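The values are calculated or read from the model by the stated rules, or taken from the named source; none is laboratory data. Since we're looking at a predicted model, the values are computed, not measured. Because the Cβ atoms are built from the backbone with ideal geometry, glycine has one as well, and the counts that use them run over all protein chains shown.
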C-alpha cells in the first residue's frame with residue numbers, strides 16, 4: 001500500500017537522484033555548451049516522473065532484497 005510518507009520519500013529521492021544523474025549524463029553528452037541548462041532541465045523533466053514511479057515500484061522489492069542480503073551476511 002502506498003502511504004503519504006512513501007510518496008513524499010519518492011518525490012524527494014526522485015528529485016535528488018534524477019537531478020544528479022541527469023546533470024552528470026547531460027554534461028558528458030553536451031559538455032559546457034551555451035544551452036547546457038536548458039538541455040539539462042529538458043532531460044530532467046522526463047527523468048523526474050520516471051524516477052518517482054520507479055522508486056514507488058522498486059522500494060518494496062529493494063527493501064525485501066536488502067533484508068535477505070543482510071540476513072545472509074549476518075549468518076556467516
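Taken residue by residue, the range 56-71 has at least one member that is on the phi < 0 side of the Ramachandran plot and in contact with a helix residue (DSSP H, G or I) (Cβ under 8 Å, 6 or more places away or on another chain). Among the residues of the range 1-28, those that are in contact with a helix residue (DSSP H, G or I) (Cβ under 9 Å, 6 or more places away or on another chain), under 15 Å from residue 57 (Cα atoms) and either at pLDDT 90 or above or in a helix (DSSP H, G or I) (or both) comprise 6, 7, 9, 10, 11, 13, 14. A Cβ distance below 7 Å, combined with a sequence gap of six or more or placement on separate chains, defines the contacts here; from the range 47-75, residues that are surrounded by 15 or more Cβ atoms within 10 Å (Cβ to Cβ) reach residues that are outside any helix (DSSP H, G or I) in the pairs 56/2.
Among the residues of the range 53-62, none qualifies, meaning not one is under 20 Å from the mean Cα position of the chain (by Cα) and more than 19 Å from residue 8 (Cα to Cα). For residue 19, the criteria (1) at positive phi; (2) surrounded by 15 or more Cβ atoms within 10 Å (Cβ to Cβ) hold in every case but one, which is (1).
Residues of the range 29-46 that are surrounded by 10 or more Cβ atoms within 10 Å (Cβ to Cβ) and not in a helix (DSSP H, G or I): 33 alone.
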